[in-house]
1. Considering every pair of different Cα atoms, what Kirkwood radius, in Å, is found for region 1-45?
2. Which cross-chain or sequence-distant (5 or more) residues have an amide H under 5 Å from the amide H of Ser53, H modelled 1.01 Å from N in plane?
3. Starting from the 7 Å offset along Cα-to-Cβ, what nm value, one decimal, do you get for the label separation of Phe65 and His121?
4. Among (1) 29.5, 86; (2) 14.6, 45; (3) 17.4, 53, only one was calculated for this model; which label is it, if the read-out is Rg and Dmax of the Cα atoms in Å?
5. Do any cysteines in the chain lack another Cys Cβ under 4.7 Å, and if so which?
6. Given a Förster distance of 25 Å, report the FRET efficiency between Ala131 and Asp15 from their Cβ-Cβ distance, rounded to the nearest 0.05.
7. Determine the sum of side-chain charges near Ala42: Lys and Arg each +1, Asp and Glu each -1, restricted to other residues whose C-beta is under 14 angstrom from that of Ala42.
Amino acid sequence: MSDRPLITGGCFCGDVAYEIDGALQSGRACHCSRCRKAFSGASSAYAEIAPGSTFRWTGREPVRFDTGGGWGMGFCGRCGSTLCGLMGEKVHGVTLGCVNGDPGVEIDYHLFVGSRAPWDHIGGSAPQYEAHPPASGSD
């Protein structure tokens, strides 16, 4: 275990929980219509698990919803909270709304703002991209 505090998180009802020994990186908010539906909001708020970090489920594991191309989302089968993004069987990142306390990252950028909802007013100073951000090698 590292000397960093554990990042913990879980769903609304408490059935699905996790911990990350390490850090998160590449915080982003996606404003596409698919993310609005999956997250029931103006956008997703999501960060990747940083290389060298260890992720593990400490409660029930989530139900998987396949979104295509080997990608999926994990959500609680009881309360419906969207908890993570999956690539194959591996957790790629977590939804920031389900992290307990300070996740140690902020939103670095907004993507697909060209298809944001008309009622969505994006604040803050993070860069905004009409679609994908320039290639970063982290996605």
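Values quoted throughout were computed directly from the atomic coordinates according to the rules given, and no laboratory measurement underlies them. Everything numeric in this text was worked out from a predicted model, so none of it was measured. Using ideal geometry, Cβ is built from the backbone for each residue, glycine included, and neighbour counts are taken over all protein chains shown.
1. Answer for region 1-45: a Kirkwood hydrodynamic radius of 12.6 Å.
2. Hits under the 5 Å cutoff: Ala23.
3. A separation of 2.9 nm, rounded to one decimal place.
4. The calculated read-out lines up with (2).
5. So far as the 4.7 Å Cβ criterion goes, Cys32, Cys84, Cys98 stand without a partner in the chain.
6. After rounding to 0.05, the efficiency reads 0.10.
7. Spelling it out: positives minus negatives among the neighbours equals +4.
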